[in-house]
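Step one of this worksheet: look at the structure below.
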């Protein structure tokens with residue numbers, strides 16, 4: 001088989017492989033510059049005039065074109081994203097939706113431009129917004145100001161990416177959006193980070209610049225002292241703000257707004273109501289938990305996020321007892337995002353070039369833009385009115401000789417001839433002749449002529465006004481200022497962020513983290529309120545608004561980190577840490593909620609018929625505690641209290657018996673006093689009562705007559721300064737009867753031996769058979785009604801067994817305003 005030679009034809013020229021040698025460095029340089037240019041001008045940086053990035057501008061413009069005004073219903077965000085992506089912004093839908101979401105977030109924008117319906121995320125990005133198919137949106141009233149008059153040739157338009165649509169190069173922006181809402185973006189080789197400001201303050205500064213074109217930065221800062229963040233907070237470090245306003249770059253610190261509150265009578269907490277800009281509660285919570293677990297942050301016992309849509313942000317940080325709230329707060333500022341640094345970098349596009357702008361430059365660019373917008377709007381409106389006036393004038397000429405006009409039209413062969421003959425006969429323009437031919441005969445009446453003349457006069461006046469504005473820079477600036485004032489009146493809101501001067505250095509707290517074990521006094525009032533002093537000073541009486549005339553029933557020396565005992569009428573002592581008790585302010589109006597103390601029932605659980613009658617120290621040193629019972633038993637208890645029990649008994653009471661008084665002894669040589677229901681008073685020395693163990697039942701203190709019982713028991717340290725107050729009444733009469741009262745110097749009663757019957761302290765009048773009250777303490781004595789009001793007592797009398805004087809009102813408690821530290825001088829009595 002013969003070999004056949006195979007021949008191949010050469011490939012066509014267009015299929016021939018061509019290799020072009022390219023310098024890699026040149027190609028990389030050119031490609032990178034093209035990419036950088038696209039990022040800078042088409043994505044990351046806002047325009048200094050309207051403060052918007054291209055995607056934001058396209059969203060607002062397209063939503064305006066879709067008719068999504070505030071008075072219309074919401075539409076799905078997916079529809080908005082689709083319209084923007086298909087007509088103006090050929091990029092990913094997620095980027096467009098992210099920009100749309102930010103425009104609607106009140107915690108990101110000082111004046112939101114999109115009214116969102118649905119889940120648009122949360123503060124700090126803790127919760128992501130819902131998908132665009134679920135959320136809905138429309139423009140806000142403020143956004144309508146951004147696109148206001150855009151159809152009046154106020155800005156230039158350019159073709160979109162495929163040349164089939166047009167889009168504005170910039171929006172008219174009737175308010176300074178860049179300063180009001182701020183901006184952030186990362187480009188190539190540069191970035192922008194601008195803080196939001198208060199709309200009212202920014203407009204006031206812009207109006208000042210309009211009226212005074214040579215205004216200095218210092219003058220403008222009188223209107224704009226600093227940023228006003230949507231989330232509030234406190235800005236410290238105004239030096240950095242001044243640098244940013246001067247050079248376009250600077251830093252300041254934002255602190256959360258925190259208040260120290262009493263969560264319960266025993267617990268103090270830090271309540272966070274405002275966080276730094278772009279910081280969410282989840283970020284703060286996770287950081288605090290991390291620090292607590294690592295033992296880098298002490299004093300925190302619990303953390304709760306009580307934020308809801310009704311009360312807003314509320315983050316409660318519960319503190320352990322024994323820690324200074326101020327010191328813990330300083331640690332939180334130092335270690336957590338509750339204090340953040342914001343770096344201002346005012347980079348924006350000016351005439352197509354990125355520039356770093358100070359405050360005055362930013363305001364000047366906006367003012368110039370607004371002047372140009374209003375000027376072009378006036379030119380557009382004047383041109384429209386001049387065009388209309390031209391037509392109205394021609395129509396009035398025709399109406400002046402309507403018969404000849406009709407004859408000319410009827411004698412013409414066609415509309416072209418008629419138009420030309422009208423132009424020649426009445427000296428009309430082509431436009432006027434066409435308008436006359438197009439006007440229906442029904443418009444050519446006498447009334448229409450009057451309307452046209454009125455319209456002509458109105459158009460002439462408006463044209464003159466617009467011309468005056470265009471020919472006077474002063475009037476143009478005044479018009480722009482007036483429009484800005486109207487915007488501020490409608491949309492301005494009070495400042496949210498507090499500004500504070502600072503050196504700019506990170507501050508560390510000098511106070512100790514834990515509360516010191518300082519000396520104090522624990523006080524119990526006659527109405528059952530308890531509290532502690534902040535030092536060794538003992539107030540003469542409680543001065544709170546709730547119990548204005550309350551008196552002191554018991555007081556005991558202690559230390560802040562120590563413990564005290566609450567003595568109840570059932571013979572129990574309940575241990576209470578002093579630190580858990582509220583600290584009484586020096587003045588009642590500093591903290592009215594605790595100015596008189598807090599009810600003792602907030603700290604201890606009592607039986608239904610049990611009440612606290614006194615306070616006692618739990619120290620083992622000292623002469624101890626002495627108690628007296630209703631049946632006349634007295635007992636002196638030493639300081640051998642159990643250390644591991646929260647409550648324990650100090651006397652073995654007989655069935656039905658109760659304590660009527662308890663007093664910590666100071667010297668052990670005080671006079672002990674019983675007062676009985678049959679008006680007997682026994683005074684004997686405490687030295688005659690030997691200490692007993694807690695399980696003992698005591699010894700006889702006073703010998704009672706049949707049917708009588710003790711109504712008061714206590715101790716007196718200074719007999720010369722003490723008085724005895726007794727109130728007699730009827731055992732069968734109503735409780736509303738005030739009875740008779742008697743005040744007697746304590747020295748009028750002789751000392752007797754223990755276990756004797758004592759002496760009579762008040763003689764009963766007719767109808768009286770029982771002593772309702774008895775009390776011994778330092779003079780002057782004070783009596784109070786059930787509602788806390790005062791009751792006047794009679795003057796002291798020397799006769800110890802005399803009768804009393806009628807009281808104007810029933811007495812609920814007796815006490816004194818003169819106090820010696822360490823001495824029990826008042827007590828609470830129940831009728």
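The values are calculated or read from the model by the stated rules, or taken from the named source; none is laboratory data. Keep in mind that this is a model prediction, so the values were computed, not measured. We place every Cβ from the backbone using ideal geometry, glycine too, and count neighbours over all the protein chains shown.
Listed values, structure above:
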item	result
Segment 132-151 residues that are at positive phi, paired with ones that are crowded, with 18+ Cβ neighbours inside 10 Å (beta carbon under 7 Å, 6 or more apart)	149/172; 149/377
Unmet criterion (only one of (1) part of a loop (DSSP other than H, G, I, E, B); (2) farther than 30 Å from residue 498 by Cβ; (3) at pLDDT 95 or above) for residue 137	(1)
Only listed residue being farther than 30 Å from residue 210 by Cβ, in contact (Cβ under 8 Å) with a residue 40 or more places away in the chain and part of a helix (DSSP H, G or I), chosen from 416, 431	431
All positions within segment 231-285 that are out of contact with any strand residue (DSSP E or B) (no Cβ under 7 Å at 6 or more places or on another chain), surrounded by 21 or more Cβ atoms within 10 Å (Cβ to Cβ) and assigned to a helix (DSSP H, G or I)	245
Residues of segment 751-779 that turn out to be out of contact with any strand residue (DSSP E or B) (no Cβ under 7 Å at 6 or more places or on another chain) and under 28 Å from residue 701 (Cα atoms), as a count	2
Condition check for residue 636: over 22 Å from residue 530 (Cβ atoms) and either surrounded by fewer than 16 Cβ atoms within 10 Å (Cβ to Cβ) or outside the structural domain of residue 702 (by TED's automatic domain parsing) (or both)	no
Considering residues of segment 74-89 that are touching a strand residue (DSSP E or B) at 6+ places or on another chain (Cβ under 7 Å) and part of a loop (DSSP other than H, G, I, E, B) only, the residue farthest from residue 137 (Cα to Cα)	88
Selection count, segment 613-629, where residues are touching a helix residue (DSSP H, G or I) at 6+ places or on another chain (Cβ under 8 Å) and surrounded by fewer than 24 Cβ atoms within 10 Å (Cβ to Cβ)	1
Leading residue by the ranking (surrounded by the fewest Cβ atoms within 10 Å (Cβ to Cβ)) among those in segment 119-134 that are touching a helix residue (DSSP H, G or I) at 6+ places or on another chain (Cβ under 8 Å) and not in a loop (DSSP other than H, G, I, E, B)	124
Residues satisfying the stated conditions in segment 630-646, i.e. closer than 19 Å to residue 697 by Cβ and either touching a helix residue (DSSP H, G or I) at 6+ places or on another chain (Cβ under 9 Å) or touching a residue at least 60 places away in the same chain (Cβ under 8 Å) (or both)	630, 631, 632, 633, 634, 635, 636, 641
Scope segment 419-428; condition part of a helix (DSSP H, G or I) and surrounded by fewer than 13 Cβ atoms within 10 Å (Cβ to Cβ); matching residues	424
Subset of segment 147-179 (residues that are crowded, with 23+ Cβ neighbours inside 10 Å and not in a loop (DSSP other than H, G, I, E, B))	177, 178, 179
Options 441, 484, 437: the member that is in contact (Cβ under 8 Å) with a residue 40 or more places away in the chain and assigned by TED's automatic domain parsing to the domain that holds residue 408	484
Of all residues making up segment 643-652, the number that are modelled with pLDDT of 85 or more and either surrounded by fewer than 21 Cβ atoms within 10 Å (Cβ to Cβ) or outside any loop (DSSP other than H, G, I, E, B) (or both)	4
Enumeration of residues in segment 691-706 that are out of contact with any strand residue (DSSP E or B) (no Cβ under 7 Å at 6 or more places or on another chain), farther than 20 Å from residue 572 by Cβ and touching a residue at least 24 places away in the same chain (Cβ under 8 Å)	705
Residue tally, condition surrounded by fewer than 21 Cβ atoms within 10 Å (Cβ to Cβ) and either over 23 Å from the mean Cα position of the chain (by Cα) or not assigned by TED's automatic domain parsing to the domain that holds residue 132 (or both), over segment 103-118	3
Residues that are farther than 24 Å from residue 166 by Cβ and in contact (Cβ under 8 Å) with a residue 12 or more places away in the chain, drawn from segment 79-101	101
So residue 774, is it assigned by TED's automatic domain parsing to the domain that holds residue 800 and loosely packed, with under 15 Cβ neighbours inside 10 Å	no
Residue in segment 303-311 that is part of a loop (DSSP other than H, G, I, E, B), exposed (fewer than 14 other Cβ atoms within 10 Å of the Cβ), modelled with pLDDT of 90 or more and under 18 Å from the mean Cα position of the chain (by Cα) present	yes
Any hit, segment 606-614, residues being more than 29 Å from residue 703 (Cβ to Cβ), within 47 Å of the chain's Cα centre (by Cα) and at pLDDT 90 or above	no
Failed condition for residue 815, given (1) at pLDDT 85 or above; (2) part of a strand (DSSP E or B)	(1)
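One line per residue, one yes/no per condition, for (1) under 30 Å from residue 327 (Cα atoms); (2) modelled with pLDDT of 95 or more; (3) in the same structural domain as residue 106 (by TED's automatic domain parsing):
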{"residue": "189", "(1), (2), (3)": "no, no, no"}
{"residue": "192", "(1), (2), (3)": "no, no, no"}
{"residue": "200", "(1), (2), (3)": "no, yes, no"}
{"residue": "205", "(1), (2), (3)": "no, yes, no"}
{"residue": "209", "(1), (2), (3)": "no, yes, no"}
{"residue": "232", "(1), (2), (3)": "yes, no, no"}
{"residue": "236", "(1), (2), (3)": "yes, no, no"}
{"residue": "248", "(1), (2), (3)": "no, no, no"}
{"residue": "252", "(1), (2), (3)": "yes, no, no"}
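Residues checked against (1) buried (at least 17 other Cβ atoms within 10 Å of the Cβ); (2) within 30 Å of residue 52 (Cβ to Cβ); (3) touching a strand residue (DSSP E or B) at 6+ places or on another chain (Cβ under 7 Å):
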{"site": "330", "(1), (2), (3)": "yes, no, no"}
{"site": "343", "(1), (2), (3)": "no, yes, yes"}
{"site": "346", "(1), (2), (3)": "yes, yes, yes"}
{"site": "353", "(1), (2), (3)": "no, yes, no"}
{"site": "357", "(1), (2), (3)": "yes, yes, yes"}
{"site": "388", "(1), (2), (3)": "no, no, no"}
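Matching residues to (1) within 30 Å of residue 227 (Cα to Cα); (2) under 60 Å from the mean Cα position of the chain (by Cα):
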| residue | (1), (2) |
| --- | --- |
| 355 | yes, yes |
| 359 | yes, yes |
| 362 | yes, yes |
| 367 | yes, yes |
| 379 | no, yes |
| 389 | no, yes |
| 401 | no, no |
| 406 | no, no |
| 413 | no, no |
